[in-house]
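Novice: Have a look at the structure that comes next, please.
The values are calculated or read from the model by the stated rules, or taken from the named source; none is laboratory data. From a predicted model like this one, the values you see are computed outputs, not experimental measurements. A quick note on method: Cβ atoms are made from the backbone with ideal geometry, for glycine too, and the neighbour counts reach across all protein chains shown.
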Amino acid sequence: MYLFSINAVSKTTQGDFKEGEEVPFIVYIDFVDLFGAEQLAKLFVMKEGFRDVNIDKRKHLDNRVLADKKSGLGKDPQIQEAKEKGYCVQAFNAH
């Protein structure tokens, strides 16, 4: 699984985000290939109505770490969602 720290610009005013506002995201992608995971992360953010998607940071999580219930990562709801459906997109209101 890969975790990406992403910034993207809102295409329109939606929810708490104004048109043109830069919004930070954490995107969780359960995919074996880094290049493919990056492309999927960008597409999922664009699907939510954002443009100018830039990946700032990327991190690979080993399956052993994900399976470790003691580390806390194994219990994380976003990681659980990504394991179930292949991805999870989490937006934040401010940097």
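Novice: Output the residue which, of all residues in segment 36-95 that are loosely packed, with under 11 Cβ neighbours inside 10 Å, under 14 Å from Ile6 (Cα atoms) and over 13 Å from the mean Cα position of the chain (by Cα), is modelled with the lowest pLDDT.
Specialist: Across segment 36-95, the extreme among qualifying residues is His95.
Novice: Going through segment 50-95 one residue at a time, which ones are in a helix (DSSP H, G or I) and either in contact with a Lys or Arg (Cβ under 8 Å, 6 or more places away or on another chain) or polar (S, T, N, Q) (or both)?
Specialist: Within segment 50-95, Asn63, Leu66, Lys75, Gln78, Gln80 qualify.
Novice: In segment 1-28, what count of residues is obtained for those that are within 27 Å of Asn63 (Cβ to Cβ) and of a type in the set (A, V, I, L, M)?
Specialist: Of the residues in that region, 5 qualify.
Novice: Can you list residue pairs whose Cβ atoms sit under 8 Å apart, with the first residue in segment 6-20 being closer than 21 Å to Leu40 by Cβ and the second being of a type in the set (S, T, N, Q) and outside any loop (DSSP other than H, G, I, E, B)? Count only pairs 6 or more apart in sequence or on different chains.
Specialist: Listed by first residue and then by second, the contacts come to Ile6/Asn54; Asn7/Asn54; Ala8/Asn54.
Novice: Mind checking which residues of segment 8-25 are surrounded by fewer than 17 Cβ atoms within 10 Å (Cβ to Cβ) and either outside any loop (DSSP other than H, G, I, E, B) or of a type outside the set (D, E, K, R) (or both)? I'd like the intermediate steps shown before the answer.
Specialist: First, the residues of segment 8-25 that are surrounded by fewer than 17 Cβ atoms within 10 Å (Cβ to Cβ): 9, 11-16, 18-22, 24.
Hits for segment 8-25 are Val9, Thr12, Thr13, Gln14, Gly15, Gly20, Glu22, Pro24.
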